[in-house]
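Step one of this worksheet: look at the structure below.
The values are calculated or read from the model by the stated rules, or taken from the named source; none is laboratory data. Being a predicted model, the structure only gives us computed values, none of them experimental. Glycine also receives a Cβ, built like all others from the backbone with ideal geometry; neighbour counts cover every protein chain displayed.
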Amino acid sequence: MAEEIRAEMVANVWKIVAAVGDTVSEDDTILILESMKMEIPVHPEGSGTITQLAVKEGDVVQEGDLIAVIG
C-alpha cells in the first residue's frame, strides 16, 4: 500500500533531497520545508521507494497538500 506524505503546515519547499526511484526509510529526509525561518525535515513513516514527488523547490504548500508518495 502506498504512503502519501502530506504537508502538516503552510510552508515553502526549501530543498528536495530525494528523487523519484530512490529507496527511503523512516530515518531518511525526503525534503526540507521552511516556515517562519525554521527548517523542517520531512521523513516517511516507513520504508519504500519514492514513486511520486508532487512538489518542486520554491513551491508553497498548504496544510494537507500532497508532497510525495512512497510505494
Can you tell me which residues in the range 1-12 are over 12 Å from ILE70 (Cβ atoms) and assigned to a loop (DSSP other than H, G, I, E, B)?
-> ALA7, GLU8, MET9, VAL10
Of the residues in the range 41-58, those that are touching an Asp or Glu at 6+ places or on another chain (Cβ under 9 Å) and either farther than 14 Å from ALA2 by Cα or assigned to a loop (DSSP other than H, G, I, E, B) (or both) come to VAL42, HIS43, PRO44, GLU45, GLY46, SER47, ALA54, VAL55
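The rows are residues; the columns are (1) assigned to a loop (DSSP other than H, G, I, E, B); (2) at pLDDT 95 or above; (3) within 13 Å of the chain's Cα centre (by Cα); (4) not hydrophobic (A, V, I, L, M, F, W, C).
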residue: TRP14; (1), (2), (3), (4): no, yes, yes, no
residue: ALA18; (1), (2), (3), (4): yes, yes, yes, no
residue: LEU33; (1), (2), (3), (4): no, yes, yes, no
residue: GLU39; (1), (2), (3), (4): no, yes, yes, yes
residue: GLY64; (1), (2), (3), (4): yes, yes, yes, yes
residue: VAL69; (1), (2), (3), (4): no, yes, yes, no
Of the residues VAL42, VAL10, VAL17, which is surrounded by fewer than 16 Cβ atoms within 10 Å (Cβ to Cβ) and either out of contact with any Pro (no Cβ under 9 Å at 6 or more places or on another chain) or hydroxyl-bearing (Ser, Thr, Tyr) (or both)?
-> VAL10
Please tell me if GLU45 is touching a residue at least 24 places away in the same chain (Cβ under 8 Å) and either touching a His at 6+ places or on another chain (Cβ under 7 Å) or acidic (Asp, Glu) (or both).
-> yes
Restricted to the range 20-31, and to residues that are part of a loop (DSSP other than H, G, I, E, B) and touching a strand residue (DSSP E or B) at 6+ places or on another chain (Cβ under 9 Å), which residue is nearest to ALA7 (Cα to Cα)?
-> ILE30
